[in-house]
Amino acid sequence: MKFFDWLETLIKYLAGLFLLAVFVLVTAQVASRFLFNFSLAAASELSIYAMIWSVFLGAAVAFRHNSHIAMDILLTKLPNRARHLADFTIFILLVAFLGLVAVEGHDLAMRAMRQSSPAARIPVGYITMAMPVGSVIALAFLCEQQIQKLLERPKS
């Protein structure tokens with residue numbers, strides 16, 4: 001699906017930019033400490049926030065490719081019909097979990113907008129928003145994956 005391919009590419013670039021920001025910020029902090037004998041507190045804080053965004057965006061892409069660590073030893077031993085039922089049950093549980101994380105994460109982010117980070121003085125809600133955004137994207141990729149499985153499964 002072209003939209004999801006485009007979305008994945010966009011997310012990969014954003015996650016990469018956040019990782020680049022982590023590298024630049026940490027390098028700047030180390031350089032300022034050792035070369036100029038002062039600490040950039042905001043750089044340390046911002047690098048942590050960039051890493052948080054990178055992780056949640058990367059996790060969403062991992063959902064698309066089914067790349068998360070999984071214990072499928074029992075699943076592979078099941079007969080075909082039971083495996084499909086177990087797979088669908090896992091899908092429903094993941095939808096419920098990601099939906100809960102998205103809703104509760106959004107509520108948390110909205111409440112956190114009133115609080116500012118100590119050094120960078122940005123609303124904490126912008127950092128916390130990584131949780132619901134990553135969950136919604138993961139949910140979209142998970143649904144795409146499930147639809148593809150249903151379309152590809154032979155009729156019996």
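The values are calculated or read from the model by the stated rules, or taken from the named source; none is laboratory data. For clarity, every value in this text was computed on a predicted model and none was experimentally measured. In this analysis, Cβ positions are derived from the backbone assuming ideal geometry, glycine residues included, and neighbour counts consider all displayed protein chains. Quick note on the areas: whole protein, heavy atoms, side chains included, nothing else; ligands and nucleic acids left out. Shrake-Rupley method; radii C 1.70, N 1.55, O 1.52, S 1.80 Å.
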In debye, nearest 20, what is the charge dipole magnitude of the range 21-156 about its Cα centre with +1 on Lys and Arg Cβ and -1 on Asp and Glu Cβ, if you could check?
220 debye
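For a quick protection proxy, order the peptides 43-50, 98-105 by their average other-Cβ count within 10 Å, most packed first.
By packing density, highest mean first, the sequence is 43-50, 98-105.
Going through the range 62-156, which chymotrypsin sites (Phe, Trp or Tyr not before Pro) have at most 12 other Cβ atoms within 10 Å and a DSSP loop state?
In loop regions of the range 62-156 (DSSP not H, G, I, E or B), there are no sparsely surrounded chymotrypsin sites (Phe, Trp or Tyr not before Pro).
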Using Cα springs under 10 Å in a Gaussian network model of the chain, which residue among 72, 87, 107 shows the largest mean-square fluctuation?
72
For the chain, calculated [θ]222 nm from helices alone, where every DSSP H run of n ≥ 4 adds -39500 (n - 2.57):
-27500 deg cm²/dmol
Aspartates and glutamates near residue 2 by alpha-carbon distance under 14 Å, same-chain residues fewer than 8 away left out - which ones?
144
Scan around residue 113 for amide H atoms under 5 Å from its own, H built in the peptide plane at 1.01 Å from N, and keep only partners 5 or more places away or cross-chain.
125
In nm, what is the difference between 0.36 nm times the number of residues separating residue 150 and residue 71 and their Cα-Cα distance?
26.2 nm
Extension gain (nm, one decimal) between residue 88 and residue 44, 0.36 nm per residue minus Cα-Cα
11.6 nm
Charge dipole of the range 37-156 about the Cα centre (unit charges at C-beta), most positive-ward option of 150, 100, 65
150
How many Å² of accessible area per residue for the chain, probe 1.4 Å?
67 Å²
Note down the net charge around residue 113, summing +1 for each Lys or Arg and -1 for each Asp or Glu among other residues with Cβ under 14 Å from its Cβ.
+2
For residue 77, go through the aspartates and glutamates and keep the ones whose alpha-carbon is under 16 Å away, minus same-chain ones fewer than eight residues off.
87
Residue separation between residue 96 and residue 80 times 0.36 nm, minus their alpha-carbon distance, gives in nm 3.3 nm
With all protein chains present, the chain has a carbon and sulfur share of its accessible area (1.4 Å probe) in percent of 71 percent
